[in-house]
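Below is one structure; the comments refer to it alone.
Computed from the coordinates by the stated procedures, all read-outs in this text should not be read as laboratory data. Not measured: the values here are computed from a predicted model. Because the Cβ atoms are built from the backbone with ideal geometry, glycine has one as well, and the counts that use them run over all protein chains shown.
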Amino acid sequence: NGEVVAYCYQVGEGNIDHNYWIAPELQNENLLDFARPAYFATTETPASDMCAGTAASLAINYLNFKDTEPEYAAESLQKAIALYDFAVKTHTETEGLKVTSLGYDGGFYTSSYDYDELAWAAVWLYECTGEWDYIDDIIHVDETITGDMGAHPYTGYLKRIISDTGNCWQNIWVHCWDTVWGGVFAKLAPITNISRDWYIFRWNLEYWSGMNEQDAAAAPAKAEQNNVTMAASVPAVTSHKNFGLDDQIWNTKITAEEIADLPTEDGAFLAKTPAGFSMLNEYGSARYDAAAQLCACVYAKETGDNTFVDWAEGQMEYIMGKNPMNRPYIVGYSPTAASHPHHRAAHGSKTLNMDDPQTQTHVLWGALVGGPDASDWHRDITKDYIYNEVAVDYNAAFVGACAGLYNFCGTEDMKPQENFPPSEASMKGDIVEYKLKASIGQEDNMATQVLVEIDNSSFLPPHYLKETKVRYYFSIAELLKNGQTLDDLTVRVDYDAMKSNTNGEHEVTYEVVQYNDKGDCYLEMTWTGYEFYGTMQFQFALMAQVQNEEYTFIWDPTNDYSRSGLSTCDELGVTLAEALTEYDLITMYVDGEHVWGKAPADAQEDETLYGDVDCNGAVEIADVVLLSRYVAQDKDAKAVTAQGLLNADCVKDGNVDMEDITAIARYLAHLIEASQLGKAS
């Protein structure tokens, strides 16, 4: 009926997720110790803060899409109103305005209360609907009650920060993960044009950007003495605008233009680092600073007063590298930028170890890390979450500040880089996600013992293997010469890691195939039904039966294709496992795709690799781009070869068109298997 029944506001458990310091794509329902539960807001288990915050987001979604996608926008607004009403309905509080209806967070980013999120949702719903009741929910005053000095109590959401009309509030924080009052007053002030709202909005920016006159005068000399460059080269704000007495400004009207003529007064200002960076909190200092920059740009947008934009530009230049460490706090921004964000997906550890690997697997392009401490110092290591945490609230503020600063300070030469960010292939060269190692154990005229290790090191993206096949090529020519056949060969399984790991529930299956009359064969081993990441070993022996009554054995490994070039563990003087080396005369196939090794020439199958439009041996996003340009008859597109066109016919209908592009895209998105490419549509 349009009312909220339940809202899923969190998936995952903070401590569990953080302790699973491996690629999050690998964290699934099979890992009982690393489960990802879901949390729902209902009337029995309320999460009024979460519901209100999401209502605000959906309301903004409506404004963003109402002209281009009206149906989607209308649904966003409908859900925004429903979630707001649900948040109001489920909000509960005790004496002292302690909220008892907050959502579960497991101790990560705990919300202090929900009044600010409720106000944030209400101000945006007013923007969407024009209904004043939403503003009244925030600022309502009960004028039927008069207390000391004639003050009336606030009954709207402002009651959490201002008790009555005889008082006001000074906000030292910014719009951030726990408090969104900064944004509330940035929106309220131009709507109400009440002195109280403009005062709270502006005072915060004065506090962030300003210094008292003595500190401002000494700042350049202090910076020079410490051999640092000040983050701002403009005169500091050294006073606060006086909007009037607290008991008068709650209902006094003022316009943005009139603020400039107000008298000034002394007041408090936020501490600065020696290089002039505004320092609210050393844990994630850059996120708070970026949020203050965003608010400064919003103030300029609403008032036409650029007083704080120059300060914001200097702060952003500090973040972008004009600081004592010459270190941008934006990952990938330059060779000297912070490069070890506290982010398990980017780090890509396989060992649950934040120190391994030392160099992160992926570049988390554009992520804002925590930033410097009060002395302008920063430590760039993965496990230090104080200096190198990254999170959505960091980048939300950062992107907003960049947008505002580009609006006010941008120049025509500020153009996006082409082909950015670079592909991992262009940065790392040939990327090998699957590997195979092998070694030889005991060997004589009776048998050859082989240990094979397959390695799933996939990271684009990391994923479990569902089916893997390995082929070991050998010859029974000596058996045929002596009147024996393939039936006289025995495969002995000495070790199966998959079987051991699953208590026998899964095991490697195998078959022996003779593919020509000369006696050339392969042993095909199949790992299936068990998802795994990392390495898996299988040890087998090829054994020829006794040749005659004299118990003569005639097994000869020297003519075996996959045996050539491998040393035995006895020759090396090490164990069979220690003798493992990467080896490419054994082939490996993942989900039907040939990913490793070279087969003998006469054992190679159809050369068609469906989806490989550019014929580079791999199916990747570049094939989608090339085929799209070919289908669109782009004259500048790289030529598609005859083999490329055969590879491109992924739905096997004799045509190369959008259906084939869609098929490759679905494969890359892991919606279909490689074996489904090249099948009739």
task = Could you point to the residue in Asn1, Thr238, Thr587 farthest towards the positive end of the chain's charge dipole, with +1 and -1 charges on the Cβ of Lys/Arg and Asp/Glu respectively?
result = Thr238
query = For the stretch 1-80, what class follows from the C-alpha gyration tensor (a ≥ b ≥ c being the square roots of its eigenvalues): rounded when a/c is under 1.5, otherwise prolate if a/b is larger than b/c, else oblate?
reply = prolate
inquiry  = Which residue, Asn167, Phe553, Ala121, has the largest displacement toward the positive end of the dipole of the chain when charges sit on each Cβ (Lys, Arg +1; Asp, Glu -1)?
reply    = Asn167
task = Can you list which of the GluC sites (Glu not before Pro) found in the stretch 127-206 are DSSP loop residues with at most 16 other C-beta atoms within 10 Å?
result = Glu131, Glu143
query = Can you give me the relative contact order of the chain as a percent, contacts being Cα pairs under 8 Å and 6 or more apart?
reply = 8
Reference-scaled alpha-carbon Rg (2.2 N^0.38 Å with N residues) for the chain = 1.27
note = Here the Cα Rg-to-2.2 N^0.38 Å ratio for the stretch 434-603 is 1.04
query = Tell me, what does the Kirkwood hydrodynamic radius of the stretch 559-607 come to in angstroms if you use every pair of distinct C-alpha atoms?
reply = 12.6
Cys297, Cys569 arranged by Cβ crowding within 10 Å, fewest neighbours leading = Cys569, Cys297
request  = Quote the charge dipole size of the stretch 365-502 about the Cα centre in Debye, to the nearest 20; the model charges only the Cβ of Lys and Arg (+1) and of Asp and Glu (-1).
outcome  = 360
key: Computed helical MRE - 222 nm, the chain, DSSP H runs ≥ 4 contributing -39500 (n - 2.57), nearest 500   = -9500 deg cm²/dmol
remark   = The simple spin-label model distance between Lys652 and Ala218, using points 7 Å out along Cα→Cβ, in nm, is 8.1
remark   = Taking R0 as 25 Å and r as the Cβ-Cβ distance between His670 and Met325, the FRET efficiency 1/(1 + (r/R0)^6), rounded to the nearest 0.05, comes to 0.05
key: Cα pair count fraction exceeding 20 Å, expressed as % - the stretch 1-163   = 59
query = So if R0 is 60 Å, what FRET efficiency would Cys8 and Asp517 give, r being the distance between their Cβ atoms, rounded to the nearest 0.05?
reply = 0.45
note = From the Cα centre of the stretch 345-391 to that of the stretch 447-492, the distance in Å is 42
task = Please list 336-349, 253-266 highest first by mean number of surrounding beta-carbon atoms within 10 Å per residue.
result = 336-349, 253-266
Dipole-positive endmost among Tyr288, Phe408, Met50 within the chain (Cβ charges, Cα centre) = Phe408
task = Report the convex hull volume per residue for the stretch 621-676, counting only C-alpha atoms, in Å³.
result = 74
inquiry  = Report, in listed order, any pair from Lys66/Lys187; Lys322/Lys415; Lys66/Lys98; Lys435/Lys679 with a Cα-Cα distance greater than 30 Å.
reply    = Lys66/Lys98
query = Which value in Å is the Kirkwood Rh of the stretch 150-201 over different Cα pairs?
reply = 11.5
query = Which lysines, on any chain, are close to Lys499 with Cα under 18 Å apart, when same-chain ones fewer than 8 places away are left out?
reply = Lys466, Lys469
query = Mean separation of Cα pairs under 8 Å and 6+ residues apart, divided by the residue count of the stretch 301-439: what relative contact order is that in percent?
reply = 19
ask   = Just for the Cα atoms in the stretch 270-349, what are the lengths along the principal axes, largest first, rounded to whole Å?
value = 49, 27, 23
remark   = Ranked on Cβ counts within 10 Å of their own Cβ, fewest leading, Trp250, Trp173, Trp555 go Trp173, Trp555, Trp250
query = How big is the charge dipole of the stretch 621-676 about its Cα centre, in debye rounded to the nearest 20, if each Lys and Arg gets +1 on its Cβ and each Asp and Glu gets -1 on its Cβ?
reply = 140
note = Listed with the fewest Cβ neighbours within 10 Å leading, Asp246, Asp660 appear as Asp246, Asp660
inquiry  = About the Cα centre, and with charges only on the beta carbon of Lys, Arg (+1) and Asp, Glu (-1), how big is the dipole of the chain? Nearest 20 debye, please.
reply    = 1100
inquiry  = Given a Förster distance of 45 Å, report the FRET efficiency between Asp570 and Ser423 from their Cβ-Cβ distance, rounded to the nearest 0.05.
reply    = 0.50
ask   = Mind checking which lysines have their C-alpha under 18 Å from Lys481, skipping anything on the same chain fewer than 8 residues away?
value = Lys518
The stretch 524-681: mean projected area of Cα convex hull, nm² = 13.9
request  = Can you check what the net charge comes to around Ile249, using other residues whose Cβ is under 15 Å from the Cβ of Ile249 (Lys, Arg +1; Asp, Glu -1)?
outcome  = -2
task = First select every other residue whose beta carbon is under 10 angstrom from the beta carbon of Tyr39; then total the charges, Lys and Arg +1, Asp and Glu -1.
result = -2
